[in-house]
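Shown next, in C-alpha cells, is the structure this report addresses.
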Amino acid sequence: MLIRSAPDLKYSDVTSKKDFLDRRRFLASAAAGVALGGPAAQAAKLEARKSGYTVAETVTPLKAITGYNNYYEFGTNKDDPARNAGEFRTEPWQVSVEGHCAKPAKYDLDSLRKLAPLEERIYRLRCVEAWSMVVPWIGFSLSEVLKRSEPTSKAKYVAFETYYDSKQMPLAKGSRIPLPYKEGLRLDEAMHPLTLLTFGLYGEVLPNQNGAPVRMIIPWKYGFKSIKSIVKISFVEKEPPFTWGIMIPNEYGFYSNVNPEVDHPRWSQGSERRIGEFSKRKTLMFNGYADQVASLYAGMDLKKHY
Ligand code: MTE
C-alpha cells in the first residue's frame, strides 16, 4: 500500500468513496439551504493550508460529525443539536481576552480569524461516553491569540466561557447543567501547539451544532473540554471551575486527559467505538497524542489527577 505523509492526503484518499460522495451531496444541499436551515445554511468555505498536526486515519463522515453531538444548550439527545441549533445567531460575535494580561483585547469574529493563517488539522475527538470521531478541523493554535495579550506571571490557568441566551436556547434549562458552559486549561496546556482554536470543519465554517462560530479542540482530552461557541477567554490565577466538575465532581476531573487506565465511575475508558464503525477499538493514552503532550504531566499521578 502506498503511504503518503499526512499533509498530502485528501479526503477522497482517507474517506470511502461513498462517504466522500455523501459529503459532496451534503455540501451541495447545505449551500442550497436545504440541509442545515437558518444561518448555518450560508456555510461559507474556509481556505486553510494543510498542517503537519494531522493523523492519517479514515475521516468520519460529515453526516456523523454534524448529526451526533453533545451541545446541552440545544438539548441533551445526540440528535437534538442538529435539529435545534440551526437558527442560533452567530453574527455579530465578540470574543474577549481578559484577566491577568498586559493587553486585554476584544475581537470580532473576522479579526480573530485573521490573527493567524488557518490550517486544516485532522484530529481525533474522543468523548467520555466512549465514542470517537476523526475530524478535519480548521483553525490555528490558541497560543496565537493568547501570546498577543501578554499573560502576566499571575496567569496560571486559562478559563473559557460559552455564549448563553435562554431565548435562543430554550432547551438549555432542561439540561440541568449550570450555564454558561465553562471550561479551563492550565496555561501550558492552553499554549501547547496542538490546542486548537477552531472555526470550521470539512472545509466549511463550523455548523452551529459543532460550536459555531468558534470553539476549542484539545485532542488529547475528553471531548467535554472542547468548549463550543466561546465568548470569553480569561487568564486566571487559580484552577477555574468547569461545568462538568461543578455538576458531578466525583466523575469529572479538571485534567480529563484521555486515560484508558482510569475508569469513569460508571463505565470503562479502555475502549471506544468510532462512529460509523461496528467494532470497538482500544483507547490510547492521551488519545494517541502521548509523544506530543505526555511531558506536560511529568511527575503527576494521572490516576489522582484524572
Ligand atoms: N460546549 C458547550 N458549550 N456545551 C456543551 O454541551 N459539550 C461538550 C463539548 N463542548 C458541550 C460543549 C461535549 S460533552 C463534547 S463530547 C463535545 O463538545 C462534542 O463536540 P461535537 O458535538 O462537535 O462532537
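Structure notes:
- Residue in the range 112-129 that is surrounded by fewer than 18 Cβ atoms within 10 Å (Cβ to Cβ), under 30 Å from Arg266 (Cβ atoms) and out of contact with any helix residue (DSSP H, G or I) (no Cβ under 6 Å at 6 or more places or on another chain) present: yes
- Residue-level check: of (1) open to solvent by less than 30 Å² (accessible area, probe 1.4 Å); (2) within 15 Å of the ligand (Cβ to nearest atom); (3) in contact with a strand residue (DSSP E or B) (Cβ under 7 Å, 6 or more places away or on another chain), Lys232 misses just (1).
- Phe242 being open to solvent by less than 10 Å² (accessible area, probe 1.4 Å) and either in contact (Cβ under 8 Å) with a residue 12 or more places away in the chain or under 27 Å from Pro178 (Cβ atoms) (or both): no
- Glu144 being more than 16 Å from the ligand (Cβ to nearest atom) and within 14 Å of Leu196 (Cβ to Cβ): yes
- Any hit, the range 82-95, residues being within 30 Å of Ser279 (Cβ to Cβ), open to solvent by 30 Å² or more (accessible area, probe 1.4 Å) and touching a residue at least 40 places away in the same chain (Cβ under 8 Å): yes
- Among residues of the range 295-306 that are open to solvent by less than 80 Å² (accessible area, probe 1.4 Å) and at pLDDT 90 or above, those with a beta-carbon under 8 Å from a residue that is among the acidic types (Asp, Glu) and part of a helix (DSSP H, G or I) at least six positions away or on a different chain give the pairs Leu296/Asp188; Leu296/Glu189.
- Cβ pairs under 9 Å, 6+ apart, first in the range 154-169 and among the acidic types (Asp, Glu), second at pLDDT 95 or above and part of a strand (DSSP E or B): Glu161/Lys182; Glu161/Glu183; Glu161/Ile230; Glu161/Val231; Glu161/Lys232; Glu161/Ile233; Glu161/Ser234
- Scanning the range 173-181 turns up at least one residue that is among the aliphatic types (A, V, I, L, M) and either without any contact (Cβ under 8 Å) to a residue 40 or more places away in the chain or within 13 Å of the ligand (Cβ to nearest atom) (or both).
- Count of the range 56-113 residues which are over 18 Å from the mean Cα position of the chain (by Cα) and among the aliphatic types (A, V, I, L, M): 4
The values are calculated or read from the model by the stated rules, or taken from the named source; none is laboratory data. Note that this is a predicted model, so its numbers are computed, not measured. Here Cβ is always computed from backbone atoms with ideal geometry, including for glycine, and neighbour counts include all displayed protein chains. To get the accessible areas, we keep the full protein, side chains included, count just its heavy atoms, and leave off ligands, DNA and RNA. Shrake-Rupley method; radii C 1.70, N 1.55, O 1.52, S 1.80 Å.
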